[in-house]
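What follows is one structure encoded as structure tokens, with my remarks underneath.
The values are calculated or read from the model by the stated rules, or taken from the named source; none is laboratory data. In this text, all values refer to a predicted model and were calculated from it rather than measured experimentally. We place every Cβ from the backbone using ideal geometry, glycine too, and count neighbours over all the protein chains shown. Keep in mind that these areas ignore ligands, DNA and RNA; they rest on the heavy atoms of the full protein, side chains included. Shrake-Rupley method; radii C 1.70, N 1.55, O 1.52, S 1.80 Å.
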Amino acid sequence: MTEHTRLLAEVSPTLKELSAETRRIRKGEIAKPVREIAPLSLRVHELAVECTRQVHDLAVSQFPAMEGGAESLAHLAGACAQISLAATLCNLAIHHRTEILLSEDADPTPAASADQLRRAGEEMRRAATTYRTVAQQLSRRLASVATRPQVLHRGSPQAHAKPSAPAPRHPPTVRRRA
């Protein structure tokens, strides 16, 4: 779980960086959309794949059984969808800007592409917030468990086991046969 916490914590700053890159591209004229936007789109797609893989790994671990784990997993799955949507929006931004090569009535300005990039940035910012929150919660839970190792999770079989009978203090008396 410590490694998952570290990985979760790394996603938020990465998303913020990608969102800033989106803003920078959006403010430009987007004269070369494939060259300008495709590297961003690829990075966002790769992050979406990594995050989806991590959600899967968390889903098959002890994470869902932890207090609040199932809810956190649902939030992370939603954030993965937001990251994937952001990557798709980047591709749409490329398409809207290159559409002028295919259609006479296409918008010759980068307005449509800029709007797609704006939406992509918003999705990444929301996903970053989710990742930061879940990473902080998991970090606190792990720290709490580390300071109280004797506390068992309420869902574990040991938590519901009946205590064993105390061991006798003196050995039982042995009767001798007469």
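Observations
- For region 80-127, taking the residues that are of a type in the set (D, E, K, R) and over 27 Å from the mean Cα position of the chain (by Cα), the one that is least open to solvent (accessible area, probe 1.4 Å) is identified as R97.
- Any chance H75 is open to solvent by 70 Å² or more (accessible area, probe 1.4 Å), closer than 20 Å to P13 by Cα, part of a helix (DSSP H, G or I) and out of contact with any Asp or Glu (no Cβ under 9 Å at 6 or more places or on another chain): yes
- A residue that is over 15 Å from the mean Cα position of the chain (by Cα), open to solvent by 80 Å² or more (accessible area, probe 1.4 Å) and not small (G, A, S) occurs nowhere in region 47-57.
- When I30 is tested against (1) of a type outside the set (S, T, Y); (2) assigned to a helix (DSSP H, G or I); (3) modelled with pLDDT under 95, just one condition goes unmet, and that condition is (2).
- Under the condition of being without any contact (Cβ under 8 Å) to a residue 24 or more places away in the chain and of a type in the set (S, T, N, Q), the residues counted in region 104-127 number 1.
For every residue, the table says whether it meets (1) at pLDDT below 90; (2) of a type in the set (G, A, S); (3) assigned to a helix (DSSP H, G or I).
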site: S84; (1), (2), (3): no, yes, yes
site: R97; (1), (2), (3): no, no, yes
site: I100; (1), (2), (3): yes, no, yes
site: P108; (1), (2), (3): yes, no, no
site: T130; (1), (2), (3): no, no, yes
site: S139; (1), (2), (3): yes, yes, yes
